[in-house]
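Report on the structure given below.
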Amino acid sequence: MSADAVIFVPGIKGTKLVNTNRVNFDTIWSGIQSNFETIEDLEFTHRYQNQYYEENIHAIIEPGEIEELAYAEFIRDLHADKPIYIFNYDWRLSAADNADHLADFMEYLVNKSAASKTSRTFRRFDMITHSLGNFIVRAYLHEYGFDKTNKIVFTVPPFAGSIDIASVATIGEGLFRNVKTKIRKLIRTMPGALELLPHYQYTSQFADSRAKHNFFNIDHWQRNITAPADKDKTKLKQKKEIAEKFKQAIKVAKSTVSNKLLDLRQLGAKERNKCLVIARTGYETWQSVNVVKAASAPNPANYIDFENGLRNKCGDGSVADASACFYFDAVKTLVVQDALFHRDYGHGFILKDERVQRIINRFLRGESGKFWQIPGNSVRRAKGLSLETDARTKLKYRKVILD
């Protein structure tokens, strides 16, 4: 049975977040540009009656349009000869919450098709995800099963997280110091973002202890984050509030990642054959970091030593091979490499790569055999993850083995 329609699920920051309680629907965040004057409006409250709200009582943040630069070309060139729908979502929320929203969206599309005189009633959907979108779909499948799902394509999926999120939560991102400070505080209140914390093997380790490090263990985080100090009482109160929200968000994120995402290794043969993973390698990407357990001035206890962490080209710039190829032994996993006559796109813009577009179109059309083969042999199948040790840092990491 083929699909009646296609649903595209973008990645983190792929959907713009808009304050709808404004006459002009003020865009607070987009992947390209943020309104730094009102970016604090994205801060969540504590979880209340199993739901999050904006801390600013005047702000009502809703998902808006997806990022045109990253996705417009792909949507336009998707030769599906069937309706294509975009699932916009609030990436601050847990994947489990967004899975419920996806279920509602699919039910809406079924009812819409049943009511239309120009369409047959939809029964099954092909799904295409980018990055964090894999969490939404896996949470949906875990809760609702495969009844309405046909084929699924996961592009550059951080199945086991990304060190980039730990970096943002610790250091922040952006060119300006005040912006970095704002973003690292905001991200700590968002369980959907924190679900991307890395948990693949060798992602982090205590450098001065035999104990294992775990980013989902709040006691393993830098003490200045979980137990802040400040001589200014007003600032201290604000820091403690963020610390408490961080603890709660980590708890929600851990629950989702541990219990509410489908493990693709549990799929039967029929479902496995309807799934495809497309990874990218060849970009400088975080692989592993040391964490210094003992405090040593000026560093706090559990100091995450990014300066002496390991970055190499075993990844797509945001997601390491170890994470994107996590399910290589369960689901067909293709790895896109650099090629002389193909434009070069990393994690955020992988869907602009014509090789990826071609492979997805062929897969959804049902082409058999080695449909992914591209002249130049720049797309190959993953057949394993080797264990390597970096000569400089002595840190271990996983490198994809290609057929």
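The values are calculated or read from the model by the stated rules, or taken from the named source; none is laboratory data. Just so it is clear, the structure is predicted and the values come from calculations on it, not from any experiment. Please note: Cβ atoms are built from the backbone with ideal geometry, for glycine as well, and neighbour counts cover all protein chains shown. Keep in mind that these areas ignore ligands, DNA and RNA; they rest on the heavy atoms of the full protein, side chains included. Shrake-Rupley method; radii C 1.70, N 1.55, O 1.52, S 1.80 Å.
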Elements of type strands (runs of 3 or more DSSP E) in region 1-89, at least 3 residues being in contact (Cβ under 8 Å) with a residue 24 or more places away in the chain: 5-9, 15-19, 61-66, 84-86
Inter-residue pairs, beta-carbon under 7 Å, first of a type in the set (S, T, N, Q) and in region 291-311, second in a loop (DSSP other than H, G, I, E, B), 6+ apart: Asn302/Trp221; Asn302/Gln222; Asn302/Lys293; Asn308/Thr393
Residues of region 327-351 classified as open to solvent by less than 40 Å² (accessible area, probe 1.4 Å) and within 23 Å of the chain's Cα centre (by Cα), total: 13
Residue that is surrounded by the fewest Cβ atoms within 10 Å (Cβ to Cβ) [pool: residues in region 138-197 that are of a type in the set (Gly, Ala, Ser) and not in a loop (DSSP other than H, G, I, E, B)]: Ser167
Those residues of region 283-310 which are exposed (fewer than 15 other Cβ atoms within 10 Å of the Cβ) and in contact with a helix residue (DSSP H, G or I) (Cβ under 8 Å, 6 or more places away or on another chain), in sequence order: Ala295
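One line per residue, one yes/no per condition, for (1) of a type in the set (S, T, N, Q); (2) in contact with a Leu (Cβ under 6 Å, 6 or more places away or on another chain):
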| position | (1), (2) |
| --- | --- |
| Leu132 | no, no |
| Ala139 | no, yes |
| His142 | no, yes |
| Lys148 | no, no |
| Thr155 | yes, no |
| Val179 | no, no |
| Gly192 | no, yes |
| Phe206 | no, no |
Test: residue in region 308-326 that is of a type outside the set (A, V, I, L, M), part of a strand (DSSP E or B) and more than 19 Å from Glu388 (Cα to Cα): no
Residue in region 364-384 that is in contact with a Phe, Trp or Tyr (Cβ under 6 Å, 6 or more places away or on another chain), small (Gly, Ala, Ser) and either without any contact (Cβ under 8 Å) to a residue 24 or more places away in the chain or within 17 Å of Tyr327 (Cβ to Cβ) (or both) present: yes
